[in-house]
Each structure stands twice: as structure tokens, then as C-alpha cells.
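Only one structure is covered here, and it is reproduced in the block below.
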Amino acid sequence: MTEVASLRPIAAVLVSAIAIVPILASAGRPNLREGWTVLAAVVKLGVIASMVPGVLGGTVYVTELGTFLPGIQFTLRADPLGILFGLLASLLWLVTSFYSVGYMRGLSEHGQSRYFAAFAGSVSAAIGIAFSANLLVLFVFYELLTVATYPLVTHDETPEARAAGRKYLAYTFGGGVAVLSGTILVFWMTGMGTTAFTPGGIDQLASADPVFARAAFALLATGFGVKAALMPLHSWLPDAMVAPTPVSGLLHAVAVVKSGVFGIARVVLDVYGPGLIADLGLGVLLASVAAFTLVVASLIALRQDNLKRRLAFSTVSQLSYIVLGLAVLNPMSITGALLHIPAHAFMKLTLFFCAGAIHVETHTDDISNMAGIGKRMPLTMAAFGVASLGMAGIPLVAGFVSKYFLLIGTVSAGDIVFTVALLVSGVLNIAYFWPVVYAAFFESPGETDRKPVIENVLGGRFSERSPSAATDGGTDRTDDGSAPADVDSDDHGYAADHEGQGMKDRAEAAAHIRTEHGDDASPAWEHRRWNGDESTWFMLGPILFAMVGSIVLGIVPDTAVFLRIVRLIVEGVTGVAI
């Protein structure tokens, strides 16, 4: 790789940060404010995309910003791994910007200027993470990302939102302390020499004391594992679903959780290297944690009735696919892990966009209330179905390609236990996504099939219907599926005035159906055509774009650039051409 001095890496970081000023200054003029947002997103994407051909040709773009600490330079470096994350984040920020316009206006949300400003700051921090040249610079942007996303998590300003925000800060700042501690250990073990990312690992670590080397790896993996939602460090993520849906998309697909798995990828590939990790016996430990997480999170997802919470636990599971692939240390598994970063991003963003559109248009958020909703929102639910197929690893969608590499990698490495874990999780993906699609297109509000796996109490009951059965594993419900009258908040501790959580949302959904369909005991959803009249194109456009991206990655991944970048990364680290 040839290093070339360039201002493009720092420009890519600063574009959206600079845009914060005009976004806030345009608070009274929403069209202008959102125009600044879209303009910044377009420019950022253009700057990063302009580096892709050079990176594919062997060029690394470097911005030197001086000495950060003795022996450590504050340097931004656009290498293949950084470009993979940076291109993905900048592309999906542009898509999410359009979606946010439709979503925030559709609900007449408060604090929209603060929302768009915080979003811009979050993406700046994410690009800083992507282009960090060493562990210390990565740590700085990792912490800035936490600060920038906090206003988004607490956007509702309810007690529940503030509680979720405090939990988010406690977990992520705690993870930051672990990252900093691991970084200091690495710097010390290299003779106060470097923490710079080097494909295949930093040479000096190979001669370090194994005890300290293992300790530093444990600290770094734990710190980045918080945002990667590895169990038992995951619980902040489902609670953060109190935020607006575009924020959930940011948390789950674009920036926050991807920064966690990206940090683990940097440690495995560019700090320690696969060879040293294997020698220290660390790979199997990390892979075991990931395998446990991906199976258990899938089981928990089965019991969630709130759609966003089901998607949240799905994210916890899917992120561990990436960590597992990295930890197996096989070139094929590493390829699958890195390719799953964009694959999961496109599919999960599609799913969250669909959940948000359903909420805006129908005030419906619980899966148990979605029977027949495919008639009301055919394009949205069709996109949801396609993305669900991909999440389960069905061919022709992005998830199949990445999971194929993961399976081949685990088999090639002889780690059959991890192969079985991947297959089991794939089956569970079908189990918790299919009921949503089936209910939308093959059921009606008055005629629904029983779902014993989801509804019955764990361990089973002999009665035909247990009065304590709950589709989300939460509080008891009455025979018609509603919560008892004395429950004034949702089963998950969410605010009762936000997305599909609690009695107020159920009342809003019921009122919405009565408004459209009258007081029939089993109202049918209004039929909408497939021409897009189910919602605004500010939301439908991004939904369809993300869905098409999932298909393109599943059919022609090389054409979509991401697989070509991944192959370049793997060859640079392992010396093996995929």
C-alpha cells in the first residue's frame, strides 16, 4: 500500500460537523435546515467515494495533524478497512436524512433542529472512528460518538428516555475506560513506541509478556464489546429503543453498534493480528462469547411482541455473527464477518425504516396488532419481508453471501460447534421474522392463528390458554390480548407516549382503526394500492433503497464495491486472496 498525504480524510470528518452550525441557525426554517442536512450528507459521501478507486488501487490517504502525545501522532488514515466503514456510514446517513424528514414531520416531533444537529455530529464521530490511524485517536472519536448520540437516545425527554440515556452513558463510558486502559497497556508493551494500526498486527506485541498481552486484549475486546452488544454487555441496546425510529436505525445499522464491531476488527486484524491471537489462545474465547450471544439473543427475540424490541435483540444476535467470524481467524470467516457489516446494515435499516413507517401511518407497534397490515402498507411490508429473508440467510439477499462465507470459514477451521451455532441462529431468525410477515399478509384482525412458541409461558402449560401468557414475556393480559387496566406503562419500561409502548399507544392504534373502519368488532385494514399511497415518499424512498441495496449485495456483491474492499482487507492481513 502506498501512503499519500491528503486532506480528504479530515474533510470527510469535518463536513457534517461544520453543518451543525447552519442546521441550528435554521431552526425556524425547516426546509432550509433539512437542506443543509442533505447537502452535508451528499458532500461527505462524495469526498469518501472519491477515495474508493485509489484505495482499491493500493493507495492509502493520510492526514497528519501533529503530535497527539509523545510517540503518538494524531493521524487520520483512509485504508481499506476504514473505507469500508466510512463509505457505508456516509451512504446510509444520506438515506436516513431523507427518511428522517418524513418521520419527524409525520409525527410533528419536537426538537427537530437538535435532532438533525446531533445526527450530523454522530456521523462525524463515526467517520473519525473509521479513519483513525491508531488506538488513541480511535478512542477519542469513540467517546465523541457516545456524547453525540446521547441527545438522540433521550430525545423524548421523558423519565424513561432519560433513564435509557443514563444507562447508555454508563455502559458506553465504562466501555471507553476499558478501551483506554487497553490502549495504555499496548503502548507500554511496544516500548512506548506505537499503537498504530498495522495490517497483520503490531510487530512488537509478538515479543510482549503473554499475560499483559492477554490482559490488554481482554480490555479492548470488552470496551468495544459494549457497543457491539456482546452479552452480558448488551442491555443498553434494547432500552435505547425509546428513541425515534431513525435513531434506532443509526444505533443498529449505521454508526454506534458498527463502531463496536469495527473496533474489534481493528484489534483482531491490525493490532494483534490473527497469528498472535491464535498463539495466545484468545480467538476461541472471543468466538465462544459471540456464539453464546447470537443464539441466546435470537431466543429472546422470539418472545418480544414490540416490533422494535424484537429488532433490537435481532441486532444483538447479528452483530455477534461479525465478531464470531473475526474470532475464528480463518480468511473465509473474516471475509464473511467484514461483508456482514454492510449486509446487516442495509437489511436492518430496511427493517427499522419499515417499523417507523408503520408507527407513523397506523400508530401500531406491537406485532400482535399487525394482523392484515400488509393490505394497508403493501410496499412497506413487502420490503420488510425481503429484509427478513436476508436476515435468515436466504439466497439472493445480502445475508446469504456473508453467512455463506462465515459457514465455510468455520467448517474450514474445524470449528463445527460454531458452525452449528450459526445454523441454529439462522433457524431462529426464520422463527421470529416469519410470524410478522405471515400476520401482515395472511391474517386479518378478526382471524389470527395461535403462536404457542411466542405466547405460551416458558416451560409450557396444560391449559388451553394461560391467563399469564404474554406475547412479549411481560405482564399478564386479558383474554382479548390487552393489558390489565391498572397497567399504565408498557411491559418494557418504555414511555407510554412513544412508539408502540404502553396503553396509550394501544389506545391510539385502536382509535386510528375506528376512525378508518368504524366500530366493527373485527375491523379490516383499509386496502392501499402498490403505488406508494400508503405513506410519504420521504419514507418509502429510503425503505425501497435500503431493500434494493440488500438485494444487490446478495446478487452482485462485487459490483456493489463492498466485497472488493473486503477481499483487499483480507489479503492484506492474511496474505490469502479470496
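The values are calculated or read from the model by the stated rules, or taken from the named source; none is laboratory data. All values derive from a computational prediction rather than experimental measurement. No Cβ is skipped: glycine too gets one built from the backbone with ideal geometry, and neighbour counts run over all protein chains shown. Please note that ligands, DNA and RNA were not included when accessible areas were found on the heavy atoms of the full protein model with its side chains. Shrake-Rupley method; radii C 1.70, N 1.55, O 1.52, S 1.80 Å.
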Result of the Cβ filter at 7 Å on segment 162-191, keeping first residues that are among the aromatic types (Phe, Trp, Tyr) and partners that are not in a helix (DSSP H, G or I), at least 6 apart or interchain, is TYR171/LEU233; PHE187/THR195
Notebook entry, point to check: Would it be correct to say that ASP366 is touching a strand residue (DSSP E or B) at 6+ places or on another chain (Cβ under 9 Å) and either closer than 22 Å to ALA297 by Cα or crowded, with 24+ Cβ neighbours inside 10 Å (or both)?
Noted result: yes
Does SER314 count as without any contact (Cβ under 8 Å) to a residue 40 or more places away in the chain, of a type outside the set (A, V, I, L, M, F, W, C) and either open to solvent by 10 Å² or more (accessible area, probe 1.4 Å) or touching a Ser or Thr at 6+ places or on another chain (Cβ under 8 Å) (or both)? no
In the set PHE405, PHE400, the lone residue that is more than 19 Å from the chain's Cα centre (by Cα), of a type outside the set (A, V, I, L, M) and open to solvent by 10 Å² or more (accessible area, probe 1.4 Å) is PHE405
Exactly one of SER97, SER90, SER108 is touching a helix residue (DSSP H, G or I) at 6+ places or on another chain (Cβ under 9 Å) and under 21 Å from ARG29 (Cα atoms), and that residue is SER97
All-but-one check, MET332 against (1) more than 21 Å from VAL271 (Cβ to Cβ); (2) out of contact with any His (no Cβ under 7 Å at 6 or more places or on another chain); (3) open to solvent by less than 10 Å² (accessible area, probe 1.4 Å), failing number (3)
Here the residues within segment 172-209 that are open to solvent by 40 Å² or more (accessible area, probe 1.4 Å), part of a helix (DSSP H, G or I) and β-branched (Val, Ile, Thr) are VAL177, ILE184
For segment 552-578 the number of residues that are surrounded by 19 or more Cβ atoms within 10 Å (Cβ to Cβ) and either aromatic (Phe, Trp, Tyr) or assigned to a helix (DSSP H, G or I) (or both) is 12
Screening LEU107, LEU24, LEU69, LEU92 for residues that are modelled with pLDDT under 95, surrounded by fewer than 19 Cβ atoms within 10 Å (Cβ to Cβ) and closer than 30 Å to GLY572 by Cβ leaves only LEU69
The condition from (1) out of contact with any helix residue (DSSP H, G or I) (no Cβ under 6 Å at 6 or more places or on another chain); (2) part of a helix (DSSP H, G or I); (3) buried (at least 16 other Cβ atoms within 10 Å of the Cβ) that VAL226 misses is numbered (1)
When restricted to LEU32, LEU45, the only residue under 22 Å from LEU544 (Cα atoms) and either surrounded by fewer than 24 Cβ atoms within 10 Å (Cβ to Cβ) or at pLDDT 95 or above (or both) is LEU45
Quiz prompt | Test for ALA511: is it modelled with pLDDT of 50 or more and touching a strand residue (DSSP E or B) at 6+ places or on another chain (Cβ under 7 Å) | solution = no
Selection from segment 137-165 of residues open to solvent by 10 Å² or more (accessible area, probe 1.4 Å) and within 18 Å of ILE20 (Cα to Cα) yields PHE141, LEU144, VAL147, ALA148, TYR150, PRO151
Quick count over segment 298-331, residues being more than 30 Å from THR574 (Cα to Cα) and among the small types (Gly, Ala, Ser), is 4
Taking segment 247-281 and keeping residues of a type in the set (D, E, K, R) and either within 15 Å of TYR321 (Cα to Cα) or modelled with pLDDT under 90 (or both) leaves LYS258
Margin query: Within segment 372-395, does at least one residue satisfy the condition of being surrounded by fewer than 22 Cβ atoms within 10 Å (Cβ to Cβ) and aromatic (Phe, Trp, Tyr)?
Written below: no
Taking segment 23-57 and keeping residues within 29 Å of the chain's Cα centre (by Cα), closer than 28 Å to VAL566 by Cα and not hydrophobic (A, V, I, L, M, F, W, C) leaves LYS44, GLY46, SER50, PRO53, GLY54
